[in-house]
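The values are calculated or read from the model by the stated rules, or taken from the named source; none is laboratory data. This structure is a prediction, so every number in the text was calculated from the model and none was measured. Every residue, glycine among them, receives a Cβ derived from its backbone with ideal geometry; neighbour counts consider all protein chains shown. The accessibility values were calculated without ligands, DNA or RNA, using every heavy atom of the protein model including side chains. Shrake-Rupley method; radii C 1.70, N 1.55, O 1.52, S 1.80 Å.
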Amino acid sequence: MPGDLSYLPALDDLMELGRRRLPRLVRDYLEGGAGDESGLRRNRNALETIRLLPRYGRDVADRTTAAEIFGRSYALPVGIAPVGLADLIWPEMDATLAAAAEAADVPYILSTAASTTIERAAEIAPRSLWFQLYVSTDDAVTFDLIERAKRVGVRVLVVTIDIPVPGKRLRDLRNGFRLPFRPTAGRAAGILAHPAWALATLRAGTPTFATLAPYAAAGSGAQSLAAFMARQITGRLEPALLRRIREAWPGPMVLKGVLSPEDVDMAVAVGADGVIVSNHGGRQLDATPAAIEALPAVAERAGDRLTVMMDSGLRSGSDVVRALALGASFTFAARPFLLAVAARGRSGADHALSLLADEVGRVLGLTGHTDPSQLSADALWDGPFVRRRTSALDDSL
C-alpha cells in the first residue's frame, strides 16, 4: 500500500475507494438504512442546506482544533462512533480504529456488538476508549458489562436508547444477510470479485461478537452468537433501569439516540451527563428528522444541564463546524472511518483523521474563529433562502 495518500484529498475519496474493495453484501450492511432509507438521505440533505457565513478581517493565524469534553481535552471535536460487527467490514477493524483514535487523541466508542473485547480495546486505547452499552434483556449481562468497563478504565459510558425494537433494513433482508455466511453462486461471485477482502477475511476467520461471547453458551458459533446478540436488546428500557445504570457507573454517562427535546428532561432526571443527538445513522426509522435538524431544539432544552453531542451523516470539517454552530459541543462519525480502513487499513484511518483535522482548522479560519468553543449560530448564514425555508415550514405546521 502506498504510504503517501495525498492523492486522496477528501473523505469522499477514501470512502469511494473503500466501497470498491467491499463485496455488496458487506457494503450494504455498513451503508444501508432503515425502510426506504429516506432518513439516511435526510441526514446528508439537511447538512448540505446549512450554509456557513465567512467572516474576514480577523486575526485567525493561531488556531486550535482542540475541544474539551467531560474534563478531558481532545485534539479534535470529533470522535469515532460505534458500529457493531465492524470486523466484518475489514478484519481487525475495531482494533485498528482504537489504535488510530489513540494516536490522534480522539475518543473511540467501542460497541457492545464489537468483534474485539473491551479488555483488548482498553489495552490499545487506554486514554481514548469510551464504551457503548446495549442494555440487555438480562440484567446480569448489562451490569457485568458495566463492571468490565470500569475495571479497564473506560472513560465514558454511552447508553444507546434508540433500539427498543430493531430497525427494518431492507438491503440486509434482500441480501439474505446472516452469520455465518451461507454461500450461494451469486454471493460467491461477488466475494471473489473482491479478492483483497476475501483473502483478509479468510485469514482472520468469521467475525464474531467478542465482548458478548462470555455470556453465550459454551461453544457458541457465529450463528448462535448472532442469535444471542439479537436477544440482548431490550424493549423495556425505562427511567428506573437507566437510574440503576447511573448508580453503577462512576464516570460520565451519555444517552445516545436523542431526537426529542422532551427526552432531554428524561436524561437529566436519570442523572445522565450528556446526550448524543442521533437518528442512528438512518438505520432505525426512516421517517425521523435528520440529527442536525433535531440538534438546535435539543441543545436549547439542555442548556447548561447536559453536554450535547451529535452524530449521523457527518462527512467533512464543514459538517463538524455546522454541528458545533448549532449547539453541539462534540461530534462523532462512523462510516467514513470504517470505509477509510477498508480503503487503506490503518493508514486510511490515520489519513481520515488528518483530513478532518485540516478541514476543521480551515473552516474555523474561514468563518473567523480560532477555537471550536467560539462557534455559535453567528457562524451560520441567515439569508433569504433560510428565512423562506423557515417560513414555509411554519406555514405547514
Discussion item. Restricting to segment 288-300, name every residue that is in a helix (DSSP H, G or I) and out of contact with any strand residue (DSSP E or B) (no Cβ under 9 Å at 6 or more places or on another chain).
Written reply: Glu293, Pro296, Ala297, Glu300
Item to complete: Quickly run through segment 38-79 and pick out the residues that are in contact with a Pro (Cβ under 7 Å, 6 or more places away or on another chain) and closer than 30 Å to Ala204 by Cα.
Response: Gly79
Discussion item. Among the listed residues Leu40, Leu30, identify the single one that is within 17 Å of the chain's Cα centre (by Cα) and either open to solvent by 30 Å² or more (accessible area, probe 1.4 Å) or under 17 Å from Val321 (Cβ atoms) (or both).
Written reply: Leu40
Discussion item. Pro91 - would you say it is in contact with a Lys or Arg (Cβ under 9 Å, 6 or more places away or on another chain), of a type outside the set (Asp, Glu) and over 19 Å from Trp197 (Cα atoms)?
Written reply: no
Worksheet item: List pairs: first in segment 206-219 and of a type in the set (Val, Ile, Thr), second part of a loop (DSSP other than H, G, I, E, B) and at pLDDT below 90, Cβ under 9 Å, 6+ apart or cross-chain?
Response: Thr206/Leu179; Thr206/Pro180; Thr206/Phe181; Thr206/Gly221; Thr208/Leu179; Thr208/Ser220; Thr208/Gly221
Practice prompt. Would you check if Ala113 is modelled with pLDDT under 95, open to solvent by less than 10 Å² (accessible area, probe 1.4 Å) and either in a helix (DSSP H, G or I) or of a type in the set (A, V, I, L, M) (or both)?
Written response: yes
Practice prompt. Give the number of residues within segment 80-101 that are touching a Pro at 6+ places or on another chain (Cβ under 9 Å), outside any helix (DSSP H, G or I) and open to solvent by 10 Å² or more (accessible area, probe 1.4 Å).
Written response: 1
Worksheet item: How many of the residues in segment 228-275 are hydrophobic (A, V, I, L, M, F, W, C), in contact (Cβ under 8 Å) with a residue 12 or more places away in the chain and in a helix (DSSP H, G or I)?
Response: 12
Worksheet item: Can we say Arg120 is closer than 30 Å to Thr64 by Cβ and out of contact with any Ser or Thr (no Cβ under 7 Å at 6 or more places or on another chain)?
Response: no
